[in-house]
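K.L.:
Submitted below is the structure of interest, expressed as structure tokens.
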Amino acid sequence: MNKKIKRNLLSIRDLSAKDIEQLMRLSISIKSHPAGYARSLSGKSLGLIFEKPSTRTRISFQVAMEQMGGSAQYLGPQDMKLGTREALHDEARVLSRYWDGMVLRTFRHKTIEDFASYATRPVINGLSDRSHPCQVLADLLTIRERVRVKKPALAWVGDGNNVLNSLLYLFAKLGYALYFSCPGKYQPAQDVLGEVREIAKKTKAVIETSATPEAAVRHADVVYTDVWVSMGEEALREKKLKEFEGFQINHKLLAQAPKQPYILHCLPAHRGDEISVEVMEGEHSLVFEQAENRLHAEKAILYWLLK
Ligand code: CP
Ligand code: NVA
């Protein structure tokens, strides 16, 4: 097989702290001088293959390619079902001969890993059940811009999901602090926690589970939440809504924080479930800056992988 050496972005787990810093420097440079990068991906094409819906990830990658002189094609759930019409490894090899890079959004993380192991062009994880690396790089950019402390402390209140897994790797690698409070059985994956705790020993990161949302926010410069019902879990909605009672980010909970923390949410949000309207629309909410930063951080990812 004509397999060139190439990089992927499948998980924050695969990045070194140096890679993360390089991506942040690039994000800041591209955000402040977009014209300087307007032809940097000229002639390059990006494919997006999504098994689940998307607003931010899909559009920000498409616009990023356009603003850097390249092009993008989107194949949604109706256009292509990975590994159905032919073997996944054949699709990966064929599509690598057309596109310079691919963004995949899949139900199973393993689908992206398998695809990437046969693709001869860079593969980017645009969200799987396991992780959402592009999201948390944009989150880090937002935190660096707005939360002016050397080692920020983040409280996660809610589901132990894909976004939390990625934040755990990110915060562990950077030596920051992450306190998480998730109800009952909705803790982050045990293997992720095991690995992250090993990383934290070396970097002196603080990775702690908090018994209650109140205990988690007590340390926080930033409070982060996400939907309680992720894509693909719709059948669990009624059950999860009951189990997550008391885990809403609202003014009462935030009164436990030492000073008013900034608020992050990857969006889409369900106002009135995981976050109150007042907090989402409040002056400390960074959720729309965070959404904008998807564009700048993804330009950096594309430049890093495709250039
Ligand atoms: N935050 C995020 O990934 O949003 P989309 O699902 O709209 O892409
Ligand atoms: N945890 C959510 C994030 C959406 C951006 C999901 O997987 O649906």
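The values are calculated or read from the model by the stated rules, or taken from the named source; none is laboratory data. Just so it is clear, the structure is predicted and the values come from calculations on it, not from any experiment. Counting neighbours? That spans all protein chains shown, and the Cβs are built from the backbone with ideal geometry, glycine included.
K.L.:
List every residue pair whose Cβ atoms sit under 7 Å apart, with the two residues 6 or more apart in sequence or on different chains, where the first one lies in segment 119-142 and is free of Cβ contacts under 8 Å to residues at least 60 places away in the same chain and more than 12 Å from Leu302 (Cβ to Cβ) and the second, anywhere, is among the aliphatic types (A, V, I, L, M) and within 16 Å of ligand 2 (Cβ to nearest atom).
P.N.:
These pairs meet every condition: Ser128/Ile112.
K.L.:
Could you check how many residues of segment 48-79 are β-branched (Val, Ile, Thr), touching a residue at least 24 places away in the same chain (Cβ under 8 Å) and within 11 Å of ligand 1 (Cβ to nearest atom)?
P.N.:
Count: 2.
K.L.:
Go through Leu140, Leu104 for me and flag whichever is within 16 Å of ligand 1 (Cβ to nearest atom), modelled with pLDDT of 95 or more and outside any helix (DSSP H, G or I).
P.N.:
Of the residues listed, the single one that is within 16 Å of ligand 1 (Cβ to nearest atom), modelled with pLDDT of 95 or more and outside any helix (DSSP H, G or I) is Leu104.
K.L.:
Another one. For a quick check of your reading: which helices (runs of 4 or more DSSP H) sit entirely within segment 193-307 and have at least 2 residues that are surrounded by fewer than 14 Cβ atoms within 10 Å (Cβ to Cβ)?
P.N.:
237-243, 251-254, 277-281
K.L.:
Quick one: which of Leu264, Leu305 is more than 16 Å from ligand 2 (Cβ to nearest atom) and closer than 23 Å to Arg58 by Cα?
P.N.:
Leu305
K.L.:
I'd like the full set of residues that are more than 16 Å from ligand 2 (Cβ to nearest atom), in contact with a strand residue (DSSP E or B) (Cβ under 8 Å, 6 or more places away or on another chain) and not in a loop (DSSP other than H, G, I, E, B), limited to segment 39-63.
P.N.:
Residues satisfying the conditions are Ser45, Leu46, Gly47, Ile49, Gln62.
K.L.:
Looking only at residues in segment 179-229 that are of a type in the set (Val, Ile, Thr) and within 16 Å of ligand 2 (Cβ to nearest atom), which one is nearest to Arg144 (Cα to Cα)?
P.N.:
Thr225
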